[in-house]
Amino acid sequence: MRLKLLIYSDLDGTLLDHDSYSWQPAAAALARLVELEIPLILNSSKTAREIQALRQGLNNHHPYIVENGCAICVPGGYFPAGSTSTETGSVEIKYFGQRYDLILQTLRTLRQQNRYPFSGFADFGIDGICKHTGLERQAAEQAGQRLGSEPLLWQGSEEDLQAFSRDLTKAGLQLVKGGRFLHVMGSCDKGRAMQWLTERYRNSDPARPLLTVALGDGNNDLPMLRSADIAVVIKPKHGPALQLEQHHDVIYPEAPGPAGWQEALDQVLDRLR
């Protein structure tokens, strides 16, 4: 029986260039996945609305993981019936951690009680998101429609940040460092979401052997990379690459960003062919 291959990929700095946000250097590998009918599952800190817009350009119709593993979005009818997810329109949403409104409520309480110096997307508004991210207005609106995490800019000391992190932990939340922002979210990560979705694929066709590949470049990708059968550590455009220890099968492409993504996928697909 033919092997079922699942590709999980980070976006910013991995499939998308750090500066231009272009995926074109990986176009050949993306086309190859479509031709071979191999699911590409986007696993990103981006919101569902941001990823939906990107999927249209990629001609991608597979499930996707949003906001560092806070939720999984599954197109309606993609899997057999019997889902335990919450169904919203034509997309099933499986939540991990706390919902966005509860996170904002906790943040407001902590800021009021302890005067923690931070500001987040809910404070910025659309114009502020444009200013702090460099996004165009439509993209900023998509980034502001969140399900289960809040990006923050911290304006205080390291000591206060540690105290803030401890208070978040007491409230059942965590602080995750991203490329540009700190992300406040529930007890979830990219790896846990990946494991849940992989099991869903396995249950939909239990007789078929399954292999997972994950590609990422940042610390928030580590849970996903560690969960994969084959891990691909993409070299960042600036700074040293992650070192993934205690993993039996790791690929370190020479090129950064989507060019490295192309290099690694060619290697993986040629090996498994």
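Every number here is computed from the coordinates shown, using simple stated rules; none is lab data. Bear in mind that the values here come from a model prediction, so they are computed numbers and not experimental data. Here Cβ is always computed from backbone atoms with ideal geometry, including for glycine, and neighbour counts include all displayed protein chains.
Peptides 126-135, 253-262 ordered by packing proxy, namely the average of other Cβ atoms within 10 Å per residue, highest first: 253-262, 126-135. With an a/c value of 1.5 or above and a/b not larger than b/c for the gyration tensor axes a ≥ b ≥ c computed over the alpha-carbon atoms, segment 73-185 is described as oblate. Take every Cα pair under 8 Å whose residues are at least 6 apart in sequence, average their separation, divide by the length of the chain, and the relative contact order is 24 percent.
Our note on the geometry: Cα centres of segment 200-226 and segment 1-57, 14 Å apart.
Rg of the Cα atoms in the chain, relative to 2.2 N^0.38 Å, amounts to 1.00.
Sorting the segments 157-168, 13-24, 141-152 by their residues' average number of neighbouring beta-carbon atoms within 10 angstrom, most packed first, yields 141-152, 13-24, 157-168.
Give LYS190/LYS237; LYS170/LYS237; LYS94/LYS237; LYS170/LYS235; LYS94/LYS235; LYS4/LYS177 a once-over and call out the pairs whose C-alpha atoms are over 27 Å from each other. The answer is LYS170/LYS237; LYS94/LYS237; LYS170/LYS235; LYS94/LYS235; LYS4/LYS177.
What ranking, highest mean first, results for peptides 224-231, 100-107 when packing means the other Cβ atoms within 10 Å averaged over each residue?
224-231, 100-107
Between GLU141 and GLN246, full extension at 0.36 nm per residue minus the direct alpha carbon distance yields a gain of 33.8 nm.
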